[in-house]
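The structure appears below as structure tokens.
The values are calculated or read from the model by the stated rules, or taken from the named source; none is laboratory data. Every value quoted in this text rests on a predicted model; they were computed, and no experiment measured them. Here the Cβ positions follow ideal geometry from the backbone for every residue, glycine too, while neighbour counts run over all protein chains shown.
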Amino acid sequence: MRQSYKILIVIFTLFLTTITASPIAASELYKSSQFGFMGSSNSYTEIKVGYFDPKAVKEGSLLLGVCTGKKVDESVSFGLEVDFWRKVFEQKIPVDVVTDTNGVETTLMQVQYRHTVYYIPILATLKFDVPVNPSSPITPFAGVSAGYAFAHIGYKFANDDSVDQNDVKSTPNKGFYGGWNWRVFGGAAYTLGSNSKLNLAVMYNGAKVSKSEKGGLERELDLKGFGFYASISLIGM
């Protein structure tokens, strides 16, 4: 899954090199949509889907998020962002192997337990647009986010004799975690229309959440890592 970053770089390069110039400039888009059909262009809503690979897990998973905010001017905007990330691990054992008359072998598997990690950051976001070419529909951007993150680790075991009860009891990392979260990101936006943009971005997430343990100890969950996402910005919503 970590090779996804290489795929992203290729897609991003093609995105920048194959798009032709558009007569709509970034500054003109901001001015012309001040009283657009969707309302004041000071506000925007961004819906994103991507991939996040934190340090604490073996491989990453799908990242979903939504951000709503306002534009200060043609270059600066701020907003509030909420993301949702989940990773599920399963421990399976074979319980039966069947070979049919054609020699095709299938294995019946039983899930002993399911281990789930949830991560929900709530972040204030400050974004800077960099209109390097007024006649191009492509606008690079960069930004920083900061806020608080919640996480939860849970286990679900099968209710039968195949599960070692010592495994059921030895799950000290389960429970709720919390801690401060920061993030930096950058990418490029492509103007789709007078009130919409397509964004491609990469990010680095910095978060190490924790929970209290007996004896004044803390158990930490390291959620630092890289990710990428694509999103749609709806201006005026």
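Being polar (S, T, N, Q) and either within 29 Å of Lys55 (Cβ to Cβ) or not in a strand (DSSP E or B) (or both) is the filter here, so list the residues in the range 221-237 that pass it. Before you say what the answer is, go through the steps one by one.
Initially, the range 221-237 is screened for residues polar (S, T, N, Q), giving 231, 233.
Correct list: Ser231 only.
Among the residues in the range 91-103, are any in contact with a Phe, Trp or Tyr (Cβ under 8 Å, 6 or more places away or on another chain) and either surrounded by 12 or more Cβ atoms within 10 Å (Cβ to Cβ) or at pLDDT below 90 (or both)? Please lay out each step first, then the result.
Filtering the range 91-103 down to residues in contact with a Phe, Trp or Tyr (Cβ under 8 Å, 6 or more places away or on another chain) leaves 91.
The next check asks that each one be either surrounded by 12 or more Cβ atoms within 10 Å (Cβ to Cβ) or at pLDDT below 90 (or both); those that pass are 91.
Yes, that holds for at least one residue.
When only residues in the range 172-195 that are among the polar types (S, T, N, Q) and not in a strand (DSSP E or B) count, which is surrounded by the most Cβ atoms within 10 Å (Cβ to Cβ)? Walk me through it before giving the result.
At the first step, the residues of the range 172-195 found to be among the polar types (S, T, N, Q) are 173, 181, 191, 194-195.
Imposing the further condition that a residue be not in a strand (DSSP E or B) reduces the set to 173, 194-195.
Values: Asn173: 16, Ser194: 16, Asn195: 19.
By that ranking, first place goes to Asn195.
Taking the stated definitions as given, is Tyr113 under 17 Å from Lys48 (Cβ atoms), buried (at least 16 other Cβ atoms within 10 Å of the Cβ) and touching a residue at least 12 places away in the same chain (Cβ under 8 Å)?
Against the criterion (under 17 Å from Lys48 (Cβ atoms), buried (at least 16 other Cβ atoms within 10 Å of the Cβ) and touching a residue at least 12 places away in the same chain (Cβ under 8 Å)), Tyr113 does not qualify.
Go through the range 196-223 and report how many residues are within 30 Å of Pro134 (Cβ to Cβ), surrounded by fewer than 19 Cβ atoms within 10 Å (Cβ to Cβ) and polar (S, T, N, Q).
1
Residues being in a strand (DSSP E or B) and either at positive phi or under 12 Å from the mean Cα position of the chain (by Cα) (or both): count how many of those fall in the range 44-66.
14
Being over 24 Å from Glu46 (Cβ atoms), surrounded by fewer than 16 Cβ atoms within 10 Å (Cβ to Cβ), at pLDDT below 90 and of a type in the set (A, V, I, L, M) narrows it down to one of Val168, Val163, Val132, so name that one.
Details: Val163 fails: surrounded by fewer than 16 Cβ atoms within 10 Å (Cβ to Cβ); Val132 fails: over 24 Å from Glu46 (Cβ atoms).
Testing whether each residue is over 24 Å from Glu46 (Cβ atoms), surrounded by fewer than 16 Cβ atoms within 10 Å (Cβ to Cβ), at pLDDT below 90 and of a type in the set (A, V, I, L, M) leaves just Val168.
For residues that are of a type in the set (S, T, N, Q) and either in a strand (DSSP E or B) or touching a Cys at 6+ places or on another chain (Cβ under 6 Å) (or both), scanning just the range 102-154, find the one that is nearest to Lys211 (Cα to Cα). Walk me through how you get there before you give the answer.
Going residue by residue through the range 102-154, those that are of a type in the set (S, T, N, Q) are 102, 106-107, 110, 112, 116, 125, 133, 135-136, 139, 145.
Subset that is either in a strand (DSSP E or B) or touching a Cys at 6+ places or on another chain (Cβ under 6 Å) (or both): 106-107, 110, 112, 116, 125, 139, 145.
Numbers: Thr106: 43, Thr107: 40, Gln110: 32, Gln112: 26, Thr116: 17, Thr125: 26, Thr139: 41, Ser145: 23 Å.
By that ranking, first place goes to Thr116.
Okay, residues lined up against (1) farther than 25 Å from Gly179 by Cβ; (2) modelled with pLDDT of 95 or more:
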residue	(1), (2)
Met203	no, yes
Lys208	no, no
Lys211	no, no
Gly216	no, no
Arg219	no, no
Gly225	no, yes
Ile232	yes, yes
Gly236	yes, no
